[in-house]
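The values are calculated or read from the model by the stated rules, or taken from the named source; none is laboratory data. For clarity, every value in this text was computed on a predicted model and none was experimentally measured. Here the Cβ positions follow ideal geometry from the backbone for every residue, glycine too, while neighbour counts run over all protein chains shown. For accessibility, only protein heavy atoms count, side chains too; no ligands or nucleic acids. Shrake-Rupley method; radii C 1.70, N 1.55, O 1.52, S 1.80 Å.
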Amino acid sequence: KEAQQQQQQQQQQQQHIGNNYPFPWLYPKRLCQLIKLWINRVLFTKSSILFLCFSLVTFAILTYLAVQYYGEEALQEGLLYHFSRVDHRHNYSMFWYWIYLARGRVVASSIPLSSSSLSTMGKALLVPQVILLLYSSLGIAPYDLPFALFIQTFSFVAQNKVITAQYFTWYLVLLPLCSDRIHWKSRNMIAALLFLGLSIVTWLGSAFCLEMKGMNVHLQVWIASVGFFIANINLLRVILDNYCGFELNLSQHYNCDVKNKKL
């Protein structure tokens, strides 16, 4: 009986904690404090300044050597291309159909791709990703950095205008770092995972009919892509709802807050 009572108390405590996240998304004052904290960490500590300088120098040297050896093509294909990449084949993203139709209009009008609205929209679609990255950085990283890295990568891939199968490994390799702090056996988690699996199977089936059978099912593939996007966003929501790492980091977080106030 005592063991059952303790287990019930732990479950109630976890449920209470889960419903009172420290993530400051709805608290502007706390969000401003975290912004100030991150600015101090990035710009006013010796280790962060050294890391920033060495990173920039290394990146600049390698890029310069690549351009000197391969020419302007190295800069374009290795870096700049990815900011405006608009591939439509083998693409899980719900934007692939828009890319496919827009490419057809560009070819028909004989307008260079770099000067078309397609390239401009490709860059504009990066804005929501940047906002989500900044938002999750301030809301999660101060409490659980590995979990923040996973959430950032997952949301970045889900929102990307080009999603191919290898993109899934970007966040799956980070999952072992935080999987022990996510409650995977809840009903809503199981339902979300099944929904994601169903969306993937639906997309693969419709894509097979399009690319292998040559059937005119472009609209069906796009609908499957929208379903895949919804399934990913739903899974992201459920993972945040079932995150159980708050109680592990709360005492340490508040102890740091107390020390900072004293300082």
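Observations on the model:
Okay, residues lined up against (1) modelled with pLDDT of 65 or more; (2) in a helix (DSSP H, G or I); (3) polar (S, T, N, Q):
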position	(1), (2), (3)
Gln33	yes, yes, yes
Phe51	yes, yes, no
Tyr64	yes, yes, no
Glu73	yes, yes, no
His88	no, no, no
Asn91	yes, no, yes
Tyr97	yes, yes, no
Arg105	yes, yes, no
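- Taking the conditions (1) in a helix (DSSP H, G or I); (2) farther than 22 Å from Tyr143 by Cα in turn, Lys213 satisfies each one other than (1).
- Among the residues of the range 35-49, the one identified as at pLDDT 80 or above and either on the phi > 0 side of the Ramachandran plot or hydrophobic (A, V, I, L, M, F, W, C) (or both) is Ile49.
- Considering the range 172-192, and only residues there that are open to solvent by less than 80 Å² (accessible area, probe 1.4 Å) and in contact with a helix residue (DSSP H, G or I) (Cβ under 7 Å, 6 or more places away or on another chain), the residue that is nearest to Ala231 (Cα to Cα) turns out to be Ala192.
One line per residue, one yes/no per condition, for (1) touching a residue at least 12 places away in the same chain (Cβ under 8 Å); (2) within 24 Å of Ser225 (Cβ to Cβ); (3) among the hydroxyl-bearing types (Ser, Thr, Tyr):
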position	(1), (2), (3)
Ser136	yes, yes, yes
Ala148	yes, no, no
Val157	yes, yes, no
Ile163	yes, yes, no
Thr169	no, yes, yes
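For (1) within 25 Å of Asp180 (Cβ to Cβ); (2) hydrophobic (A, V, I, L, M, F, W, C); (3) touching a Leu at 6+ places or on another chain (Cβ under 6 Å), each residue gets a yes or a no:
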residue	(1), (2), (3)
Lys123	no, no, no
Pro128	no, no, no
Leu132	yes, yes, no
Ser136	yes, no, no
Gly139	yes, no, no
Pro146	yes, no, yes
Phe150	yes, yes, yes
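- Of all residues in the range 201-231 being within 30 Å of Cys244 (Cα to Cα) and in contact (Cβ under 8 Å) with a residue 40 or more places away in the chain, the one that is least open to solvent (accessible area, probe 1.4 Å): Phe228
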